[in-house]
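This report concerns only the one structure given below.
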Amino acid sequence: MKVILNGEETEVPVGQSVSDLLDTLSIRTKGIAVELNLEIVPRAEYAACLLSDGDHLEIVTLVGGG
Amino acid sequence: MSAADDPHTTSKNSVIEMTKTVTTETVLDTPLTLGSHTFASRLIVGTGKYATFELMQECLAASEAEVITVAVRRERLVDSDGRNILDFIDLERFTILPNTAGCFAADEAVRVARLGREILTNLENPGADWVKLEVLGDTRTLLPDPVATLDATKQLVADGFQVLCYTTDDPITAKRLKDAGATSVMPAGSPIGSGQGILNPNNLRICLEYLKEDDADYPVIIDAGVGTASDVSAAMELGCDGVLLNTGIAGAKVALTMAHAMKLACRAGRYAYLAGRIPKKLYATASSPERGVVTPRGPN
């Protein structure tokens, strides 16, 4: 199935959770936030939150700024 | 020009000596209160535009700031070198102030503010309850959109945020933002990153008067446009409660020395404000006694 991850169409296995995706992408959970279809996914729910075809996912972090 | 002649080359030792002489003077001032947060330092510094994370780390320390701003951006999913700014920030020492930089609509800013709050909540940083709100009008000026900023302020206040509002130096807008519940109003001295300093001190005076007339402790921070130390002092001498800057340090030839300069300027300006300056007069007043001059002059 396909999800839109940070604006890019991305192929992910069916039944993948947010946790699985972060593992696959080697993204550590420290210092990130995940938003699924404009709703924030709390960190405690990463494992239980399953992705669906066409989901819009944003994974953000902190960068230098003024 | 040899390195020894270049005024921009400063040894680390001399910078450290300079610091030692002033740190004892902090007893002269009261703390800066921003909503539920209280700080000894009145300088807030950004973390952007540094050549390296190591230099940023040194400059943050030298500035003695306790609040540092950061931006929220998409995680790089490819070609990441694995280095994250958080590896260079002591989360026990600094209160992080996430911004909404790059937002041009109220809804975008609210969304980014919530993402920032989520990150800081997960990091257990005290900055999880506030935001530096920036809603910009266009990319050329990066000036704030006052209508969208007011709208976003209302939404964020309703959502429990302590909102520090970046805005223009317009006193009416400033008052509207305060009335909407902003924790602090932060007028720009001049456009972001322009280094033009405080362009309209008279407007800032009115902002200060309006924002503080029923509430002397209401915090007003100058945010943006500061180019050098005297700009920081000028803002503080007007009676602003603090200064927020980034490029002024990060873009200086020797950023670390400028970090010290900004710290000292903030303190100098604040002390001068607290001390109360003498009025400006057109004509001279002698400092030495007029009586007993060896070669007296007549009035002419």
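The values are calculated or read from the model by the stated rules, or taken from the named source; none is laboratory data. All values derive from a computational prediction rather than experimental measurement. Because the Cβ atoms are built from the backbone with ideal geometry, glycine has one as well, and the counts that use them run over all protein chains shown. In case anyone asks, the SASA skips ligands and DNA or RNA and just uses the protein heavy atoms, side chains included. Shrake-Rupley method; radii C 1.70, N 1.55, O 1.52, S 1.80 Å.
Can you give me the relative contact order of region B:107-238 as a percent, contacts being Cα pairs under 8 Å and 6 or more apart?
Values: 232 pairs, mean separation 25.0, N = 132.
Result for region B:107-238 is 19 percent.
Over both sides of the A-B contact, add up the buried accessible area with a 1.4 Å probe and give it to the nearest 100 Å². Walk me through the numbers before you get to the answer.
Numbers: alone 4530 and 16300 Å², together 18320 Å².
It comes to approximately 2500 Å² buried between A and B.
Ranked highest first by the average count of other Cβ atoms within 10 Å around their residues, in what order do B:93-99, B:103-109, B:42-48 fall?
Values: B:93-99: 21.6, B:103-109: 18.6, B:42-48: 27.3.
With the highest mean Cβ count within 10 Å placed first, the list reads B:42-48, B:93-99, B:103-109.
Return the average number of partner chain Cβ atoms within 10 angstrom of each residue Cβ along peptide B:85-96. The partial results should precede the final answer.
Working: counts 6, 7, 2, 1, 3, 0, 1, 0, 0, 0, 0, 1.
Rounded to a whole number, the mean comes out at 2.
So for the protein assembly as shown, taking the charge dipole from beta-carbon charges (+1 Lys/Arg, -1 Asp/Glu), which of A:31, A:17, B:184 sits furthest toward the positive end?
B:184
Considering only protein heavy atoms, what per residue accessible area in square angstrom results for chain A with a 1.4 angstrom probe?
Details: 3230 Å² over 66 residues.
It amounts to 49 Å² per residue over chain A.
Let me confirm one metric for peptide B:65-73, namely the mean number of other chain beta-carbon atoms within 10 Å of its residues' beta-carbons. Please report the intermediate quantities before stating the final value.
Details: counts 0, 0, 0, 3, 3, 7, 7, 7, 7.
For this peptide, the per-residue mean of nearby foreign Cβ atoms is 4.
Angle between the Cα long axis of helix B:201-212 and the longest principal axis of chain B, 0 to 90 degrees, nearest 10?
70
Using only Cα atoms, find the angle between the long axis of helix B:53-63 and the longest principal axis of chain B, and express it within 0 to 90 degrees, rounded to the nearest 10.
40
How large are Rg and Dmax for region B:25-138 when calculated on the C-alpha trace, in angstrom?
Spelled out, the Cα radius of gyration and Dmax of region B:25-138 are 15.0, 51 Å.
What does the charge count near residue B:123 come to, summing +1 for each Lys or Arg and -1 for each Asp or Glu among other residues with Cβ under 14 Å from its Cβ? Before the final figure, lay out each step's value.
Details: positive: A:28, A:30, A:43, B:93, B:117; negative: B:87, B:90, B:92, B:118, B:124, B:129.
Net local charge, residue B:123 excluded: -1.
Among B:235, B:86, B:211, which residue has its Cα positioned farthest towards the positive end of the charge dipole of the protein assembly as shown, with +1 placed on the Cβ of Lys and Arg, -1 on the Cβ of Asp and Glu, and the dipole taken about the Cα centre?
Going by the charge dipole, the pick is B:235.
Using a basic spin-label model with each label point 7 Å from the Cα along Cα→Cβ, how many nm lie between residue A:23 and residue B:54?
Result: 3.6 nm between the two label points.
Return one whole number: the accessible area per residue of region B:116-185 in Å², for a 1.4 Å probe.
Result: 39 Å² per residue.
Within the accessible area of region A:2-61, what % is carbon and sulfur when the probe is 1.4 Å and the other protein chains stay in place?
Heavy-atom surface of region A:2-61 belonging to carbon and sulfur, 1.4 Å probe: 51 percent.
When ranked by the protection proxy of mean other Cβ atoms within 10 Å per residue, highest first, what sequence do the peptides B:199-212, B:254-267 form?
Values: B:199-212: 17.2, B:254-267: 22.4.
Ranking the peptides B:199-212, B:254-267 by packing returns B:254-267, B:199-212.
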